[in-house]
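A short write-up of the structure that comes next.
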Amino acid sequence: MSELEQIASDAVKLALARGATDAECTISDGAEFEVNVRMREVESVKEAGSRGAGIRVLAGQRSGSSYTSDFSAEGIAKMVNAAIELAKLTSEDPHAGLPEPGALGKFAGDLRLYDPAIEGIETEWKIAQAIAAEGFALAADPRIANSKGAGFSSNVGSRVFANSRGFVGSYRTSSCGLAVQPVAVENGSTERDYWYTSSRTAAGLESAEYVGRKAAERALRRLNSRKIATQKAPIVFEPRTAQALLGDLFDAVSGSAIYRQASFLAGKLGERIASDALTIIDDATMPGLFGSSPFDDEGVAARRTVVVERGVLKSYLLNTYTARKLGLKTTGNASRGLSGAAGVGPGNFYIAAGEIAPEKIIGGLKSGLYVTELIGTAANTVTDDYSSGAAGLWIENGELAYPVSEITIAGNLKQMLMDVERAGADLEFRGSIASPTILIREMTISGH
Amino acid sequence: MGLSESFFGSRFGITAHDLERYLSEALSAGGEYADLYFEHLSTSSISMDEGIVKSATEGVTLGVGVRVIAGERTGYAYSDDLSPEKIRKAARVAACIARGPATIVKTGFEEAQRHDLYPMLRAPHEMGLYERVDLVKRANQAARAYDARVFQVQASYADSLRDVLVATSEGRLSFDRQPMARMGVTVLARQGDGDPQEGHSGGGGRVTLDYFLTEKTPEYFAHEAARQAIVQLGATEAPAGEMTVVLGPGWPGILLHEAVGHGLEADFNRKKVSAFSGRVGQQVASPLCTVIDDGTIGNRRGSLNVDDEGVATQRNVLIENGILRGYLQDKLSSRLMHSQSTGSGRRESYQQIPMPRMTNTYMLAGESDPEEIIRSVPRGIYCTTFGGGQVDITSGNFVFAANESYLIENGRLTRPVRGASLIGNGPEALKYVSMVGRDLKLDEGVGICSKEGQHVPVGVGIPTLKIDKMTVGGTAA
C-alpha cells in the first residue's frame, strides 16, 4: 500500500473506531506548473504542489463530511471527529449509504492516465513552446497586431480512495496543455480568439506551429463582423460549441436532476427524445482521455454507458444514491471533490460521430449560421429553455460568407434535440466532453 | 494588533524575523518586489433537500503563496505546509523568474492601513451547529407553505472565516479576518401535471449567522424563490430582437459588471486588449450614468478591509456622468502604468497570483420615478432577476441572462416571459441609457465573479434603468 493509501485506510478505520458505521476517504495530491508569455516575453511562472483529504462518515442512515489540508495524525483525527459530530445533525436518509460490495471494483485495462515523461520536461522547453505558439500566431498575418498571451501548463497528481467495505485504490494522472489567444485588428475592428491542445502525454500535444496558426486563423476570420437581422435559421455548431451545448445537456440526464423531477428528460427512459442522428455515450474506459479513470469517486468500476441511441433515451447517468432513489443500478458516475456526498459527473461524455464531413454539412445549406463561439449561455434543463450569446460565420449558398457577432441564438432543448439533422465525422476529444459538428434544423437568431 | 497577537503569529509562531528571511530568499536572485500571502480558511455548510437535512460538511485549508516581481515578470509558488523549509523552498522557486544579484529587503515592518468593515459579534465557530440547521429547516418550511404548487425545495447555508496575513518586501504588514455567509433556496413548482418551473433566491455577505436571524430571514429568501417559480408557471415565450429594456433595481446591476467592469480592469488595458483601452476621458455612457466600484461598504459580499495584496480598498469612480475616469489597478499593473493601486488586487486563494478585480460595482441613483420609467415604454421588456453573465473583453460584447422578465406594452407590464439572454456591446450599451431611477439597490449578496479560472465574491447594484436599445434573445421572432 502506498503512503497515501495507508493514510486513507487509517482514516476510515479511525472513523469506525469512533463510532461510524461506515466511512469513505478521498485524498488528492497534485503538483502544477504554468508559464504565461505575452508578446514573446515571459509574464509569469508558477510552480507548486498541494494535497487534501476528505472523509464522509455514516452513522446508520445519517452522514457527515469534512476535509483538511493537514496530514498530521492530529489533523486527520480532527477531520474524522468533525465528520462524526456533523453526522449527528443530519436526518435519517433511507437511501444514504456506500455502494453494495458487489458494485465496488476497478477497470482492469491500462487506461494510460499517467505519463512519467511529463515530470521530466525542462522548464526552458515549456517556456519555449509557449513563446513559439504565440510567435506563430503573431507571424501568421500582419493584422495579428496584439496578443492576450500564450501559456503552457503541466500537472501530475494522485487520486486515492478507501472505504469501510474493503475498497482501497489509487491512480496517478498527468496532463499538459498549450494555448494561445491572439488579437486581430483591422479598420477599427478588434477580435480575439484562441486555440489550445491538451493531452495526458507530452507526445500527444499538437505542435506549437499548428496551435499558433489555428488561433490566428480563428481570430482573423472574425474581423469586420456584422450584426444580422432577427430570424429563424438552421444552426451549425462547430465541435467546440457543440461540445458546450452537450455539456449543458449533461444535467438533464444526471440522476440528481432526474429523481427531483428537475429535468425535462425525467420519466422519459425508453422514449424517443431526439432525432435518429443523435447518439450520446458516456465512457470512462477510453485510454488516455481526460474523462477516464479506473473507478469512480465512490469506488465503483468505470464503464461505458449508452445514454441516447439513435434518438432513444437508454440510460441516465447515476451514482449509488441517485440509482437507489430511482430503483436503478449505478452507472459508475459518482463524482466529488474531497468531501461531501458524491454528485454525478461525466466520464468521457460525447456525441457519436456520424459519417458526413463537416464541409458537406455547411455545403448543403442555402443559408444558416455556423456558430464558433457561445458566451453567457442560459440553458435551463428544468424547463428546456435555451438562450445564448453567439458569434460565428453566416452561411450563404453552402459557403462561409462573412462573420457575425452580437447576436443570440435561442430555442427549446426538447425541440433542438428532435431537430438534430446531422452529426459530422469530425469527433475529437479535447476534454472529457466532446462532439463532432452538428446541424440543428432551426433556432431563433436575435439580432437587429 | 501586532504580529505576535495576530492569527498567524499566535497560532503558528510566525515572527517578523521569519517573514524577513522568507522575503530575502524570494529576492535572492533580484527582482523589485516580493510578497507573502498566508491564508487559513475554515468553511462549514449544511443543506436540506426533499424535507430532510441531507448533508453537513466542514473543512480547513492552510497555505502560503510567495510572489516575486521583476519588471513585467511574476514568479509564484506556494506551500500547504508552513514549515520554514517548505516556505523557503517556495521562495526559491518563485525567485527563478529573476536573474541578478540579490535585492536587499528592508528590515522591520509597518502595519498597513485597513478598514473595519465587518466586525463580528460571534465568530462562525462560536455558533452552535444546530443554529445552522434551524436556518435551513425554516427556509424549507416557508417555501413549502408559500404555495401548494411548490413540490421540491433545496435550502442551504454556508459560512466561512478566512484569516490572512500579507507581508511585502516594502516592509508592509496587513492582517485581516474575513467572514462570509450565504443562504440559498431553490424551489420547483408545478401546476397539475404540467412542466415544472424553478425559482432561486439567496443572499448574505461579510456577515455571520446572526444576520439571518435579524436582517434577512430564511423565510425572506424562501418566499422569494417560491414567488419566482410560481410567476414562471404563467410565463410565455420571450421576444426576440432589438427593443427597449428596463432593468429593475439590485441584481440586474450585473449589467455593469459585464458591460464595463471587466473591461476596466487594468491588466487588460495595460496590454491594450480591452474594448476600453485608451478611452479614459471619453464618453462611454450616457451623461446620466455614474459607475462606482467600492470595496469599502460595510458587510457587503465584495468588500474587504485590505485587498489580497495588503492595500486598503477604496471607492473608485469608473465612469462619471458618462465619461470614463479610470481603471481598477493592482500592484503590478499600477507599477507598469505609473499609477497607484486602487485596492483592487484580489486572488481566490494562496495558490493564485493576484489580479485587478471588481469589489461592489454599482450605478448612482438618478432622478426618475421607477413607475414613470415603465410607463414611458410603448413596447419592451422589464427584467428583474438574472442568472449569470459573460463578456468578451476584446470585442466588448457581453451577455447576461434574465430569469424573470415581463413584457411591457403601452407602458404597462402585461405578462411574464421565459428566460432569455440579453446581448450588447460594452462601450456602446450604456450610451442608450435614457432614464435612471432614484431607487438604487444593491444585490442580496450572491455574486461570484470568474476571471482566468479564479472565483471571487463580488457585489453589484443599480437603480431602475431604461435602455432604449438592446438585443433580447428570446424565441418569439
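A short reminder: the numbers here are calculations on the coordinates, not readings from a lab. Note that this is a predicted model, so its numbers are computed, not measured. Here the Cβ positions follow ideal geometry from the backbone for every residue, glycine too, while neighbour counts run over all protein chains shown.
One table, with the values for the structure above:
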quantity: Projected-area average for chain B over all orientations - Cα convex hull basis, square nanometres; calculated: 22.8 nm²
quantity: For A:Ile395, residues with placed amide H under 5 Å, excluding near neighbours; calculated: A:Gly368, A:Leu369, A:Tyr370, A:Ala401
quantity: CD proxy at 222 nm, helix term only [per DSSP H run n ≥ 4: -39500 (n - 2.57); per residue of chain A; nearest 500]; calculated: -7000 deg cm²/dmol
quantity: Under DSSP loop assignment and at most 12 Cβ neighbours within 10 Å, longest GluC sites (Glu not before Pro)-free interval of chain B; calculated: B:1-366
quantity: Averaged over A:388-398, number of beta-carbon atoms from partner chains that fall within 10 Å; calculated: 3
quantity: In order through region B:227-232: 3J(HN,Hα) via Karplus (6.51 cos²θ - 1.76 cosθ + 1.60), integer Hz, x for Gly, Pro; calculated: 4, 4, 4, 5, 4, 5
quantity: Residue mean of other protein chain beta carbons inside 10 Å, A:148-156; calculated: 1
quantity: All Cα pairs of chain A, percent lying beyond 42 Å; calculated: 22 percent
quantity: Relative contact order (%) - chain A, alpha-carbon pairs under 8 angstrom, separation at least six; calculated: 16 percent
quantity: Given 13 as the ceiling on other Cβ atoms within 10 Å, longest exposed-site-free region of chain A for GluC sites (Glu not before Pro) in DSSP loops; calculated: A:123-270
quantity: Region A:3-220: relative contact order in percent, alpha carbon pairs under 8 Å with at least 6 residues between; calculated: 22 percent
quantity: Computed [θ] at 222 nm, helices only, for chain B once each DSSP H run of length n ≥ 4 contributes -39500 (n - 2.57); calculated: -5000 deg cm²/dmol
quantity: Of the chymotrypsin sites (Phe, Trp or Tyr not before Pro) in region B:121-192, those whose Cβ has at most 13 other Cβ within 10 Å and which sit in DSSP loop; calculated: none
quantity: Cα pair distances exceeding 22 angstrom across region A:3-220, given as percent; calculated: 62 percent
quantity: Interchain or long-range residues, amide H under 5 Å from A:Phe349's placed H; calculated: A:Asp283, A:Ile433, A:Ala434
quantity: Scaled radius of gyration (Cα, divided by 2.2 N^0.38 Å) that region B:240-473 gives; calculated: 0.97
quantity: Options A:Met39, A:Ala11, A:Phe136, ranked by Cα towards positive dipole end of region A:1-142, top entry (Cβ charges); calculated: A:Ala11
quantity: ³J(HN,Hα) computed for each position of region B:250-260 - Karplus, 6.51 cos²θ - 1.76 cosθ + 1.60, integer Hz, glycine/proline x; calculated: x, 4, x, x, 4, 3, 5, 4, 7, 6, 10
quantity: Average silhouette area of region B:3-233, convex hull of alpha-carbon atoms, in square nanometres; calculated: 15.8 nm²
quantity: ³J(HN,Hα), Karplus 6.51/-1.76/1.60, whole Hz, each residue of region A:80-93, x for Gly, Pro; calculated: 4, 4, 4, 5, 5, 5, 5, 4, 5, 7, 7, 8, 5, 10
quantity: Percentage relative contact order, region B:344-465, counting C-alpha pairs under 8 Å, at least six apart; calculated: 30 percent
quantity: Average beta-carbon neighbours from other chains, 10 Å sphere, peptide B:422-429; calculated: 3
quantity: Projected area averaged over orientations for the protein assembly as shown, convex hull of C-alpha atoms, nm²; calculated: 34.4 nm²
quantity: Per-peptide average of other Cβ atoms within 10 Å, ordering B:8-15, B:182-189 highest first; calculated: B:182-189, B:8-15
quantity: Pairs of lysines in region B:3-233 (C-alpha under 23 Å apart; 8 or more residues apart or interchain); calculated: 4
quantity: Normalised alpha carbon radius of gyration of region A:132-270 [divisor 2.2 N^0.38 Å]; calculated: 1.49
